[in-house]
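The values are calculated or read from the model by the stated rules, or taken from the named source; none is laboratory data. Note that this is a predicted model, so its numbers are computed, not measured. For neighbour counting, all protein chains shown are included, and Cβ atoms are generated from backbone atoms with ideal geometry for every residue, glycine included.
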Amino acid sequence: MLRRGFIGLAPAALLQAQDDWKWDVPFVATPTAVIDSMLRLAKVNQGDTLYDLGCGDGAIVISAAKRYSARCVGIDIDPERIREATENARAAGVSNRVTFLEQDLFQADIRPASVVTLYLLTSVNERLKPKLLKELKRGTRVVSHQFGMGDWKPVKKASKGGRNVMLWVVP
Ligand SMILES: C[S@@+](CC[C@H](N)C(=O)[O-])C[C@H]1O[C@@H](n2cnc3c(N)ncnc32)[C@H](O)[C@@H]1O
């Protein structure tokens with residue numbers, strides 16, 4: 001599977017060049033070591049249904065399906081990312097456990113999720129928070145790379161290569 005290091009665009013890139021953005025957040029990949037940390041913090045396992053909201057090239061979803069045999073759904077508004085993620089899942093041999101949907105994450109049906117992963121922005125997370133709290137089942141784990149959720153404080157935190165990873169549990 002494609003491994004992504006810490007070189008390249010850092011979280012700060014998410015905050016730059018806002019005029020160029022077509023959607024809520026541009027595509028910036030989470031490094032592989034941070035993906036590992038996110039999946040560990042959320043204690044992803046075979047019984048989970050993981051949703052990555054803004055899945056980019058599908059690396060989080062593919063990793064959860066491959067390493068933990070979780071059922072996974074990746075949602076992205078960019079058709080190019082969905083094409084790339086679908087091809088990456090096929091190459092990784094996990095097409096039978098993953099689904100990619102070209103959708104706006106704010107409109108998506110996320111009710112089946114037992115784990116939700118995010119690499120968005122604090123402002124986007126805060127807009128998403130009411131949907132998470134309304135639609136997700138009690139006990140669903142939400143894990144975010146780098147960006148918090150305003151006054152909803154995480155129950156656990158980790159750090160990997162200078163990146164923050166945070167975990168919330170739906171009350
Ligand atoms: C920072 S990238 C994260 C990619 C991947 N989750 C990861 O961590 O490697 C954010 C992704 O969100 C997608 N996105 C932005 N706005 C969205 C929206 N309203 N609905 C769905 N996806 C969106 C972008 O196309 C981009 O692929």
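A few points about this structure:
- Hey, residue 89 under 21 Å from residue 44 (Cα atoms) and touching a Cys at 6+ places or on another chain (Cβ under 8 Å) or not: no
- When 94, 28, 73, 44 are checked against the criterion of being in contact with a Pro (Cβ under 9 Å, 6 or more places away or on another chain) and in a loop (DSSP other than H, G, I, E, B), a single residue qualifies: 28.
- Figure legend. Inter-residue proximity from the range 46-61: first residues under 21 Å from residue 80 (Cα atoms), second residues part of a loop (DSSP other than H, G, I, E, B) and among the aromatic types (Phe, Trp, Tyr), beta-carbon distance below 6 Å, spacing 6+ or different chains. Indicated pairs: 56/27.
- All told, residue 89 meets the bar of being among the small types (Gly, Ala, Ser), touching a helix residue (DSSP H, G or I) at 6+ places or on another chain (Cβ under 8 Å) and surrounded by 22 or more Cβ atoms within 10 Å (Cβ to Cβ).
- The set of residues in the range 126-146 being in contact with a Ser or Thr (Cβ under 9 Å, 6 or more places away or on another chain) and surrounded by fewer than 20 Cβ atoms within 10 Å (Cβ to Cβ) consists of 137, 139.
- Residue within the range 148-161 that is closer than 17 Å to residue 60 by Cα, modelled with pLDDT of 95 or more and surrounded by 17 or more Cβ atoms within 10 Å (Cβ to Cβ) present: no
- Count of the range 47-68 residues which are within 11 Å of the chain's Cα centre (by Cα), assigned to a loop (DSSP other than H, G, I, E, B) and away from the ligand (no atom under 11 Å from the Cβ): 0
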